[in-house]
Every structure is written in C-alpha cells, then in structure tokens.
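First the structure, in the form of structure tokens, and then the observations on it.
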C-alpha cells in the first residue's frame, strides 16, 4: 500500500500541485492589487520575488548564488539524461548522469549550505528571513545530501535503470512500480522527499523561476533608490 502511495499517488499529487500552484500564483494576484481576481497581467503576487538579501553580506552571496544556480542547472540536465538513459538502457548516458550528478551535487550542496549559513549568521539577512526560507533550504540540503550519499558513500550505480522506466510510466499514465520498489532505501527517500519538495515548490519564493524568459510585466513592487544628503 505504501509503495503505491509514494510511487504512484505522491508523484501525481506533486505534479498537480507544481503546475496548478504556479499557474494560480501567476495570475490570481493573491498578494497584489488584483487580490481575489484573475488577470493575465498580474504576473504573480508580492511574494513572487526572492526579496533582495544580496545587499547584505555581499562577499558571501557570490559563491553561494553561483554554486546554487549552476549546480541546479547541472543536476537538472544530469537527471534528464539519466532518466532517458535508464528508460532506453543506454549505459553511457547513465554513466554520464553518475559523474555529472556527483559534480553538480557537490557544487549545489556547497551553494545551498552557504545560503543557509548566511541566513543564520548575517544579522540583516536573518532579520529578512521567514520560516519558509529555512524550510526551503533544509529541503534542498536534505535532497542533495541523500543524492550524494547514495553516489559517493553507498556507491550505488545504475539506479537510473530502475527509476527511468518508472518515471516514464508515470508520464504515460500507466504507472509501473515493479522496478523502483526494489531500489535501496536511501534512493527511495531521495525520491520521496524530492516529490514532497515539488509539491511544496509553488508556495515558496522559488516560484519566480516561472518568470523566465519573460520580464516582470506590471510589477513595480520593488523600488530601488539612492540616498543622497545635501552637503553644505
């Protein structure tokens, strides 16, 4: 029963929340002047942005931001290649996923850990942080840590040959969990927590990724001004 819930029910729940949540927040204006209304020009709510914390602790934001974003891009490409390779039994693709995932995971974990430390030890950033910021970062650290653990510590190779066909069956609306249920526990936890994160994703500040490559149309919420004093 639990296998059916975690590897059939949970993926579909997460996908619906992920897509539906982003769509709702994009056009409902729940925190803007369009509160309670649907409008194509809303472009998200007030909490759509990341809240600019880069003004504080600038020496640490550079490496944290670069490693977090580039690590995420590398991991996305690596997982995509790995799932395709696993689905079509392409050993070279799975091998590529193994090494690119290891490298990308290290970079990403470094970046997201720095992001958490900034929120803990830099007073101005800590004052601007909300519980959601910490929950989000802990989610990402846990997912990345489990992924690296199974690759670097447990030396688990070829998981894609189990996960690839299962992921493909989910998107084909013909879920088949016969392969994934035999996966090691650490891999199952990695997958389950990742799907929980995807379901939570639209309700976080990371939803701003849906703006790319579009500009923030009609969104003059963040105003930057320089402060000048009159000198006598």
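Rule-based calculations on the coordinates, nothing more; no lab input. Small disclaimer: the values here were computed from a predicted structure and weren't measured. Using ideal geometry, Cβ is built from the backbone for each residue, glycine included, and neighbour counts are taken over all protein chains shown.
Annotations for the structure displayed:
- In terms of other Cβ atoms within 10 Å, 114, 2, 99 run from fewest to most in the order 2, 99, 114.
- Modelled FRET efficiency - R0 22 Å, residue 134 with residue 156, Cβ distances, 0.05 increments: 0.15
- Sites residue 1 and residue 178 - FRET efficiency at Förster radius 22 Å, r taken between beta-carbons, to 0.05: 0.90
- Estimated FRET transfer efficiency when R0 is 25 angstrom, pair residue 186-residue 73 (beta carbons, to 0.05): 0.55
- Fewest-first ordering of 95, 154 by other beta carbons within 10 Å of each residue's beta carbon gives 154, 95.
- A full extension of the chain between residue 171 and residue 15 corresponds to an added length of 55.2 nm, given 0.36 nm per residue minus the alpha carbon distance.
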